[in-house]
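This report refers to the structure that appears directly beneath it.
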Amino acid sequence: MASTLSHSRQPNASLLAIPLALSLIKFLIHAVLNFDGGYGLFRDELYYIACAVKPAFGYVDHPPLSAIILKVNMLLFGDSIFSIRLIPALCAALTVWLIGLMAIRMGGGRWAVFFSCLFTFSLGNFVMSSFYSMNSIEIFSWTLAAYLVVLIVQTEQRRYWIMLGVVLGLGLMNKIGVLFLGAGIFAGLIFTSERKWLFTPWPYVSGAIAFILFLPYILWNIQHDWAHLEFIKNASEQKYSGLSIISFLAGQLELNNPVAILIWLPGLVALFFSPFFRRWRILGFLYLVPLLILIFNKTSKDVYLLPAYSVLWAAGGVWLERLIQQHNWAKYFAGAVVVLWGVSTIVFIPLVLPVLPVEDYIAYSKKLGMEPSSAEGKELSELPQFYADMFGWEEKANSVAEVYNTLSEEDKANASIYSNNYGRCAAIDYYGKKLGLPPSIGSHNNYWVWGTGERRAEPLIILGGKAEDHAKVFESVTLMTTSECRYCMPYENKVPVYLCRGMKEGLDSVWPRVKHYE
């Protein structure tokens with residue numbers, strides 16, 4: 001296949017300096033904030049650490065790659081907050097870099113690259129890059145896959161199909177939402193001139209590579225009764241049941257800063273209707289198809305679409321540069337958009353990054369008239385769930401340790417610690433190491449898969465729940481203390497800690513009944 005280079009450009013030093021500078025700025029923003037740990041470790045971060053300690057081919061609520069990456073990261077740099085959050089900071093920086101490269105390859109000059117990289121600093125990207133999870137890795141993997149699609153279109157070199165298969169496969173091993181990206185690529189091949197590739201083996205080779213890399217997680221699910229599908233079903237029917245198509249679409253404006261719609265929406269329109277972008281039309285499907293899938297799902301979280309915006313930042317930046325070149329007034333429009341975007345980002349940044357002391361944040365959000373929010377329909381207090389879930393974990397471990405230290409040496413050797421919430425279990429495991437606590441057991445997601453451990457669970461320390469429920473299983477249930485936290489989620493405040501003795505039936509027989517995938 002012959003390569004054509006109309007409406008495209010090769011990277012050069014002067015152009016590459018722009019994404020390099022902005023990606024470095026993005027990394028430094030997160031690195032500086034992570035030095036003091038912000039508000040503390042997020043609930044899910046503690047759980048990812050627990051998963052990294054027990055590497056496997058799969059977990060109930062996510063594929064294994066994020067845990068493997070974190071395991072390697074902890075071996076190299078330790079498990080401090082700064083080191084744990086090093087990966088999302090790097091992913092954020094590399095995402096900026098790749099979007100700049102995309103804009104260059106799509107024919108953009110200096111202003112196009114600047115605009116594309118600048119608007120990558122979206123509120124949603126700041127959130128997802130501020131703590132460790134599979135989400136920052138997902139955004140990077142989608143962007144890398146999109147860049148490989150750009151290279152396939154521009155160079156028509158077959159080797160990029162092999163690379164794309166590897167990226168898609170590893171992306172699936174991080175988060176299965178990459179399936180939506182794959183659907184977008186396939187639709188783009190069908191409905192654009194790139195369909196010529198369908199008459200070659202290369203897209204199928206790419207798909208086969210992705211499938212082979214993803215196969216271990218499929219086999220893990222087969223061995224565990226399709227645990228991930230059960231998790232998705234329960235999450236949709238329970239904690240995400242309050243979400244709607246309207247909340248999903250409204251969230252797109254909030255996540256990206258409402259002003260940014262003046263960039264990403266024209267970028268989307270240009271990909272489908274502008275003659276200049278005709279050869280890049282396949283990229284539009286990388287956004288449109290995931291959008292339609294998530295809308296069809298009806299209870300999708302707004303952040304699920306966040307990785308798909310990478311192609312729109314690149315296309316939007318090139319569109320805006322061309323507008324300036326074609327119309328003298330457009331430079332004033334571009335200047336106004338950048339200023340409005342910059343001011344609004346500064347105004348809203350405390351809502352997505354812990355840049356203010358917590359008391360100052362509460363006062364600031366009240367001045368803005370921003371009510372605390374939760375995607376899960378939880379009761380809230382002074383903080384949104386994202387921030388509230390960074391408080392109270394060390395206090396819970398300390399409360400459990402207080403009870404554990406009242407035990408005799410014989411009881412300590414046999415005692416187990418249980419909770420029905422992976423955040424609480426993971427907090428005990430992370431903070432409990434320096435407190436001398438044994439590993440926790442739990443009924444939530446992969447803690448249930450990990451089972452009851454090797455101890456006799458006699459006595460059993462239980463964090464949370466109701467005494468009358470525990471009394472159905474134990475002869476003796478004693479409330480020992482209550483764990484309190486000032487800014488945590490209301491249901492995580494005043495959590496009771498019980499000491500339970502005399503289990504009426506074996507722990508192994510109770511275990512199947514307490515499974516909780518959600």
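The values are calculated or read from the model by the stated rules, or taken from the named source; none is laboratory data. Predicted model only: the values in this text are computed from it and were never measured. So basically every Cβ, Gly included, is an ideal-geometry build from the backbone, and we count neighbours across all protein chains shown. The protein model used for the area step is the full one, side chains on, heavy atoms only, and it has no ligands, DNA or RNA in it. Shrake-Rupley method; radii C 1.70, N 1.55, O 1.52, S 1.80 Å.
Most tightly packed first, judged by the mean number of other beta-carbon atoms within 10 Å of their residues, the peptides 15-25, 93-103 read 93-103, 15-25. Amide hydrogen proximity for TYR59: with H placed 1.01 Å from N in the peptide plane, no residue at 5 or more positions away or on another chain lies under 5 Å. Does anything in region 46-77 have its amide N under 16 Å from the 7 Å Cα→Cβ label point of TRP511, and if so which residues? Counting only backbone N, you get 60.
Suppose R0 equals 60 Å. What FRET efficiency, 1/(1 + (r/R0)^6) with r the Cβ-Cβ distance, do LEU16 and GLU454 give to the nearest 0.05? Write out the running numbers ahead of the final one.
Working: r = 55 Å, r/R0 = 0.91.
Calculated value: 0.65.
Please find the FRET efficiency linking ASP36 to LYS504, where r is the Cβ-Cβ separation and R0 is fixed at 56 Å, and quote it to the nearest 0.05. Provide the component values of the computation, followed by the final result.
Details: r = 48 Å, r/R0 = 0.86.
E(calc), rounded to 0.05, equals 0.70.
Per atom type, region 195-243 shows carbon and sulfur on 69% of its accessible surface, probed at 1.4 Å. Counting protein heavy atoms only, region 41-144 has 77 percent of its accessible area on carbon and sulfur, 1.4 angstrom probe.
Would you please classify the overall shape of region 205-340 from the alpha carbon gyration tensor, given that a ≥ b ≥ c denote the square roots of the eigenvalues, rounded means a/c under 1.5, and beyond that prolate means a/b larger than b/c while oblate covers the rest? It comes out oblate by the Cα gyration axes. At a probe radius of 1.4 angstrom, the accessible area of region 189-327 per residue rounds to 46 square angstrom. Ordering SER443, TYR491, GLN238 by the projection of their Cα atoms onto the charge dipole of the chain, which places +1 on the Cβ of Lys and Arg and -1 on the Cβ of Asp and Glu, puts GLN238 at the extreme positive end.
Based on alpha-carbon centroids, what's the gap between region 228-251 and region 20-51 in Å, whole number please? If we compute the Cα centre of each part, the gap is 27 Å.
How long are the three semi-axes of the equivalent ellipsoid for region 79-143, computed from the Cα gyration tensor as the root of 5 times each eigenvalue, in whole Å, largest first? Please report the intermediate quantities before stating the final value.
On the way: eigenvalues 125, 21, 17 Å².
The equivalent ellipsoid of region 79-143 has semi-axes of 25, 10, 9 Å.
Explain nothing, just the number: dipole magnitude of region 171-327 about its Cα centre with +1 on each Lys and Arg Cβ and -1 on each Asp and Glu Cβ, in debye rounded to the nearest 20. Write down the numbers at each step before the final one.
Values: 11 positive and 7 negative charges, 87 e Å.
Once rounded to the nearest 20, the dipole reads 420 debye.
Structure note, pairs LYS175/LYS466; LYS54/LYS433; LYS71/LYS515; LYS71/LYS434; LYS26/LYS434; LYS54/LYS515: Cα-Cα distances above 24 angstrom occur for LYS175/LYS466; LYS71/LYS515; LYS26/LYS434.
A cut-off of 5 Å between modelled amide H atoms, ignoring neighbours fewer than 5 places along the same chain, links TYR418 with ILE441, ILE461, ILE462, LEU463. The stretch between TRP226 and ASN398, if pulled fully straight at 0.36 nm per residue, gains 58.3 nm over its current Cα-Cα span.
State to the nearest 20 debye the size of the charge dipole of region 263-360 about its Cα centre, where the only charges are +1 on K and R beta carbons and -1 on D and E beta carbons.
Values: 7 positive and 4 negative charges, 125 e Å.
That gives a dipole near 600 debye.
Per-residue extension of 0.36 nm, minus the Cα-Cα distance of ILE218 and LYS412, leaves a gain of 65.9 nm for this segment. For region 26-148, the dipole from Cβ point charges (+1 on Lys and Arg, -1 on Asp and Glu) about the Cα centre works out to 320 debye, to the nearest 20. By the Cβ distance rule (another cysteine Cβ under 4.7 Å), the unpaired cysteines of the chain are CYS51, CYS91, CYS117, CYS425, CYS500. Computed from the Cβ-Cβ distance with R0 of 22 Å, the FRET efficiency linking TYR332 to GLU254 stands at 0.25. You can think of it this way: the chain between MET74 and ILE190 has 37.4 nm of extra reach, that is 0.36 nm per residue less the Cα-Cα gap.
Per the helix-only calculation at 222 nm, which mean residue ellipticity applies to the chain, given -39500 (n - 2.57) for every DSSP H run of n ≥ 4 and division by its residues, nearest 500 deg cm²/dmol? Could you put the intermediate results ahead of the total?
Working: 25 runs with 305 residues, N = 518.
Computed ellipticity for the chain at 222 nm equals -18500 deg cm²/dmol.
Once all protein chains are placed together, CYS485 keeps about 10 Å² accessible to a 1.4 angstrom probe.
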